[in-house]
Each structure stands twice: as C-alpha cells, then as structure tokens.
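These notes concern the structure reproduced below.
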Amino acid sequence: MAPTTLGPIQRKFAPWDDPSEVPLVRFENVTKRFGDFVAVDNLSIDIYPREFFALLGPSGCGKTTLLRMLAGFEQPTEGRILLDGQDVSKVPPYRRPVNMMFQSYALFPHMTVEANIAFGLKQDRVPKPEIEARVAEMLKLVRLEQFGKRKPHQLSGGQRQRVALARSLAKKPKLLLLDEPLAALDKKLREATQFELTDLQQELGLTFLIVTHDQEEAMTVADRIAVMDHGVMVQVATPAEIYEQPNSRYVADFIGDVNLIEGRVAAIDGARVEIAPSGIDARFEVAEAPDTAVDDTVWLALRPEKIAVSMEPPDDASVNCVSGEVWDIAYLGDLSIYHVRLASGITVKSAQTNVTRLIERPITWEDKVYLSWTRDAGVALIR
Amino acid sequence: MMPDEHAKRTAWGRRLVVAIPYIWLLVFFLAPFAIVFKISFSEVQIAMPPYAPVFGWEEGFAGWLDKFSELSFDNYLWLGQDALYINSYLSSLRIAAVSTFLVLLIGYPIAYGMARAPTQWRPALVMLVILPFWTSFLIRVYAWIGILKKEGLLNQALVGIGLIDEPLTILNTNIAVYIGIVYSYLPFMVLPLYANLEKLDRALIEAALDLGCHPIKAFWTITFPLSLPGVLAGSFLVFIPAVGEFVIPDLLGGSETLMIGKTLWSEFFSNRDWPVSSAVAVLLLLILVIPIVLFQHFQQKQAEKGQ
Ligand SMILES: Nc1ncnc2c1ncn2[C@@H]1O[C@H](COP(=O)(O)OP(=O)(O)O)[C@@H](O)[C@H]1O
Ligand SMILES: [Mg+2]
C-alpha cells in the first residue's frame, strides 16, 4: 500500500545535497561488537541540523545500539562519532548535548510529572523561577497542564509518552534521540502523535533522530530515512527516493508492497534496458539499470499501484505486458488488490483505486487479464 | 445436589488451608505467651515450679474473672523501680539500632554489587549470602570467640603485619557484640535489598545521566530513594530480632554489655525469679510490637502500591 503522504518533502529542505553544509552528527565507519556478535557493522551517516532523520529496520538490527552510542551508553568498537565536528568518544553521557527519549520512557516513578520534566534543568543549576517557567511551558506544549502534580503510574500510556517527550525536550537539546517513541501507543494515537512530532520539530527548530521499525511511521515523519539490516546501512535517502528508487530487494520489500521478478539483462541501449524475465514468456524494459552488464541477474521491482489491469490487451503488448488469470481480489475500500497468476505460476499483484462505483463488467475471479506498465514504472535491482 | 455439596466441601477445604497458619500461631506462639503472661502476674516461691500460680486451670472461667480484679502488677512495677531493667531495655534498643545502621552500611554495597553483577553470576552470589545458614548459628558465634580473643586470629594477624604491638581486647566488649550482630544479621539486610535493587530499571539511571546528572548524584536521587522499601524491610528484619538477642551478647559480650536478653536469662536461671522474668519478656514483646506493627503497615502499603 502506498503511504498516504509524502511527508515533509515539499519543504525543499535538503542540506545533504549541499556540500557546504556541516553535519551535526557524523558516524564514521562505526562498528559495534558484543563479543563475537556484530550489532553495528562499519556504518557511516551524516545527519544535518534541523533534520528529522529516521532509522528504520526490523527488530534486532542494531537501531537502539546506534542511538545508545550517540547518547554515550555504549562505546563504538571501531570508528568515530562526531557531534558538531567533535569526537565524542571521551565525553560521558551526562556531558553530551544530546537527550534521549527512551523506548520504555524511563520516567522516574517516585517523582511527579513536574519533577520529571524539571530534572534535567536542575542538573544544570538553572534558577528556580526559570525552571518553573520552563516546566509550565513544556506541560503546555504536550497538553498536560492538568497533570503536573501526578506521579507517572497515575497516567495513561499516551500521557506517559508525552511526559517522556517533554522531559527530553526541556533542555532544548541540539539533538533529540527518540527510540521507538510511539511503539506502545494504539494506531489512532500513534498517527496523531506522528504529526505532532513533526510540527514540534519544525516549530522548535531541533534535530530529531528517531528509531522505528514501522515503515509508515518513518515515511510520515522523516526528511530522510536510513534503512538498516543486521547492523548494515542499506540505503539512506528521502522517503520518496526510498519508495521509488530502492537500491535493493531488501529495501523494496521492507518499504511498502512490491512485486519482484527475477530476470537477466538482455540488452542495454541508452535509456532502455531490456530484461528477459526467467520463466515468463515476455520482454521487459526499464529506463535504467545502473552497475549492470548484459547477462547480469537482476530483479525487476514493480509497485502494485503502477501496474494496470485490463480485460483487453494494451496497444503495445510486446513489452512490459503479461497475461494471467485473476487468482484473488482483496477489496480494501479505497483500493482493490488483484492477485494475478501468470502461466509460469508466478503471482503478480496490482493495486487499482476504486474511483468509479459502477463498472460495466467488473473484473472478477478467474478472468483472463492483461497486466501492463510503463518503462519507468519498474526498477532493476542487482541485490 | 452434587455441585452444591462439592462447593461446600471446597469451601471447607479453603477455610482449613487459611486456618493452618492461625492454628500454628495459636499452638506455638499464643499458648506459650499466655503461659508466660499468666506467670508474670504471680509471686515467687521456693518450690517447683518456683512461683505461686494466681489462677489454676481447675478454677474455671468464673474463678478467673474473680481473680482478674485483684491481679497484681507488682512484677511490672518492679521493672520500673530497678534501673537495671530500664537500662537493659534502652541499651538493647541502642545496640540494635547501631547494629542495624552498621549492617545497612555494609549490606547496601554488597546488595548493590550483587544486583549489578552479570546475570549469570547472581544465583551463585545469592547462594554465597545464604551459605552461612548451613552451619549452626551457635557454632558460628563460637567461631568468633576464636577470631576475636586476645591470642585469636585477628590479633595475631594485626600483630603479624605490625599494625599493633599489643593484642587488642575485643572479646567480651560491646565491640564484639556489634561485630557478632552485624555478621549474623547481614543476610537479612542483603537479601531484601538485593531483591529490590535487582528490579531497578537500568534505564532510569541512564535517563538521569542522559539529562546531565552525575553518576554519584544519580545514585542518591534515583537508586537510593527507589531502594527505600528494601532498606526498610532489611532494617526491620535486623532490628526486631537484634533487640531480643541473647546468644551474641552472652558469648561475645562482657560484663559491661547490657542487653535485655541477658537480663532475662539471669533473672530466669540465676535468680529463678520466673514471675519477674516473665514480666520482662511480656514488656519486651510490647516494645517490639511497635516496630512490628509499623513494619506490617509498611509492607501492606508496598503491596497496595504494587497493584
Ligand atoms: N549489551 C548487549 N550485549 C549483547 N548483545 C546486545 C547488547 N545490546 C544489544 N545486543 C544485541 O544487538 C542486537 C541489536 O540490538 P538493538 O540495537 O537493541 O536492536 P533494535 O533496537 O534494532 O531492535 C540484538 O541482536 C541484541 O541482542
Ligand atoms: Mg530497539
């Protein structure tokens, strides 16, 4: 399913494309091992000021470990972490201008909401009236004015999440680390909070580094997404690039729904790369297939919504067109997903928006249909 | 009517299960206490047993009520008149309080270290703390005589390394009593503290550090306040039995050591004054009821909070 928004892409904010920009955070070939186990593997990223950066990957791929190294709770086994150009390896956690919102929230159970939020300011010996003003401001920001005197166990999950957010924002850190901040919330609340987070980040002009295993969440909030797999950074790009130009089957499959068809590069001719799919009697073309040569094995990645379904063959059925039988139809309200079984036994998914309510002769089970797509609909992947 | 009968039987079974601890208390605590309580109102006489019963079992309930009005509190009044008893009580409370504090001081770092040890070591560490219980308490206290006496291990070691010229007199002083109590009661402090500290979420300390708190301050603002339930439980478990301690002051203490357990013993066996020693015991119980009730109250509050 396609994400419903393209997130903040319209902002035309792209410091990563500007060579004169100085990154706020730089991971330089960072590796972290626990014994023999490699949790983070030779990873490099730059994160720029005012960026909302998401680390996306399945559970256990090393996202939390990466955050903990930045916060100072773990030391990299190899490589360096620079914060504002300074190597922070010798800086203890309590001296780093970074605050973290913990996955478990880690609210101090014996302190009131106010005391929790004031905790960081107290450590800096901020004068009392200033602390009080700041706490009130934070409570207002997260809309918990009524709850300042409560203890954490007297709050709901969503309220606790907001206290944790307020506490980590109270010191206005240069960089806020958020470890799956919304994982414990139900879907409705999670979606609402995602938009609040992006608003807050833009309003305060801070840099956010969020960790999540939820691809929709990453797409919604982030300026850029880094997709991780077993401690390795697979791709770093904007949500739209990640979706439209995944660099590997792993990324294509992790973000949204995709059809992956194995094939072989048959010919390369400028802006036309011809692919001979294995086991399918057809000829595919894509606009480009970087780093490939004739005869290389590639996978054609096709998003379901980019494939048209029709009862009649399209005008040019010689390329990017296959035929098959409707095997299954999933009706999702706004969309219908057609599972079409090709003669070779491969199933291809096509998503069609349900724009008209009355179709003269709706496509139904066991119909013979044609699937077709344009040359730039698919991406050829070599990994 | 089968289900009804079944329900009845399980209800009875349940009542029986609930009743067992009460029966236990009745037989092994309340009954002996009633006897001691009864003796505490009688008078000494040279006989066997060495007191004149106030009321016999054969007089029946009416007879008891009769006697009740003319009960003699003489033995209790006597406790107030002789400074020995008051001093013994106060000294016991002081020794128990100081010992509890010392046990806490030593036990806290031990429990903290155990809770921070690698997970796979922890069961072994808990075993080590419990290990001394496998030897008789009496033998372990005797062993301390061998360590603390003039020509004992401690003095030999200290003279051997040249720290002192003359052996120190430790045995038969209050210091030996403190050492004995601290040693004997340490597990009672360490175990509840460990149970508490082990549950403490590491993320809370990390959150404090993350917010700019120095590790030492994080200990005092986060770890210690959150471990107070363990501190209190351990302190009560040490303080309450330490007040009535007899074996340790008797074996390790000297003539200066005044503890109510010792006073009770000499009253009972040397003076053969059963009535007064019974009164001493009853009063000790009354004094200890205060911390016991406090402890109960506190445990209940903790349980409620946990839910
Ligand atoms: N202190 C540690 N000791 C040993 N292994 C660890 C430690 N911390 C994390 N790991 C391992 O590193 C891997 C990555 O963990 P983590 O960064 O928490 O993943 P994520 O946050 O992406 O779910 C996991 O397989 C985890 O078991
Ligand atoms: Mg994690």
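Some notes on this structure:
- Here, the stretch A:122-236 yields an orientationally averaged convex hull projection of 8.5 nm² when only Cα atoms define the hull.
- Over the residues of chain A, the helix contribution to mean residue ellipticity at 222 nm works out to -6500 deg cm²/dmol, using -39500 (n - 2.57) for each DSSP H run of at least 4.
- Ratio Rg/Rh, restricted to chain A and using Cα atoms, in which Rh is the Kirkwood radius: 1.05
- When the alpha carbon gyration tensor of the stretch A:85-162 is reduced to an equivalent ellipsoid, the three semi-axes, largest first, read 25, 16, 11 Å.
- Relative contact order of chain A, pairs being alpha-carbon contacts under 8 Å that are 6 or more residues apart, as %: 16 percent
- Using only alpha carbons, the protein assembly as shown has a radius of gyration to Kirkwood radius ratio (Rg to Rh) of 1.18.
- Dipole orientation for the protein assembly as shown: of the candidates B:TYR51, A:ALA192, B:ASN87, B:TYR51 has the Cα lying most toward the positive pole (charges on Cβ; Lys, Arg +1; Asp, Glu -1).
- Out-of-range pairs (alpha-carbon distance over 21 Å; input A:LYS149/B:LYS217; A:LYS140/A:LYS187; A:LYS122/A:LYS172; A:LYS32/A:LYS171): A:LYS149/B:LYS217; A:LYS140/A:LYS187; A:LYS32/A:LYS171
- With contacts taken as Cα pairs under 8 Å at a separation of at least 6 residues, the stretch A:114-261 carries a relative contact order of 16 percent.
- A Förster distance of 51 Å, applied to the separation of the beta-carbon atoms of A:LEU260 and A:ARG95, puts the FRET efficiency at 0.60.
- Across q = 0.09, 0.13 Å⁻¹, the stretch A:260-381 modelled as identical point scatterers on its alpha-carbon atoms has Debye log10 I(q)/I(0) values of -0.25, -0.51, in the order of the q list.
- The stretch B:244-307: C-alpha pair distances exceeding 19 Å, %: 49 percent
- Beyond 34 Å, the tail of the calculated P(r) for chain B holds 43 percent of the Cα pairs.
- Relative compactness, the stretch A:27-126, computed as alpha-carbon Rg over 2.2 N^0.38 Å: 1.21
- Report summary: the helix-based calculation at 222 nm, which adds -39500 (n - 2.57) for every DSSP H run with n ≥ 4 and divides by the residues of chain B, gives -23000 deg cm²/dmol.
- Relative contact order of the stretch B:75-306, defined on C-alpha pairs under 8 angstrom at six or more residues apart (%): 30 percent
- Spatially proximal lysines relative to A:LYS306 (Cα-Cα < 18 Å; intrachain offsets below 8 disregarded): A:LYS349
- Accessible area (Å², 1.4 Å probe, nearest 10) - A:ILE261: 10 Å²
- Farthest toward positive dipole pole in the protein assembly as shown [+1 Lys/Arg, -1 Asp/Glu at C-beta], among A:MET138, A:VAL25, A:THR65: A:MET138
- When B:VAL36, B:VAL44, A:VAL30 are compared by accessible area of protein heavy atoms, the largest-first order is B:VAL44, B:VAL36, A:VAL30, using a 1.4 Å probe.
- Within the accessible surface of the protein assembly as shown, defined with a 1.4 Å probe on protein heavy atoms only, the carbon and sulfur portion equals 60 percent.
- Proportion of all alpha-carbon pairs of the stretch B:98-256 beyond 27 Å (%): 37 percent
The values are calculated or read from the model by the stated rules, or taken from the named source; none is laboratory data. Not measured: the values here are computed from a predicted model. In this analysis, Cβ positions are derived from the backbone assuming ideal geometry, glycine residues included, and neighbour counts consider all displayed protein chains. Surface accessibility is based on the protein's heavy atoms, side chains included, excluding ligands, DNA and RNA. Shrake-Rupley method; radii C 1.70, N 1.55, O 1.52, S 1.80 Å.
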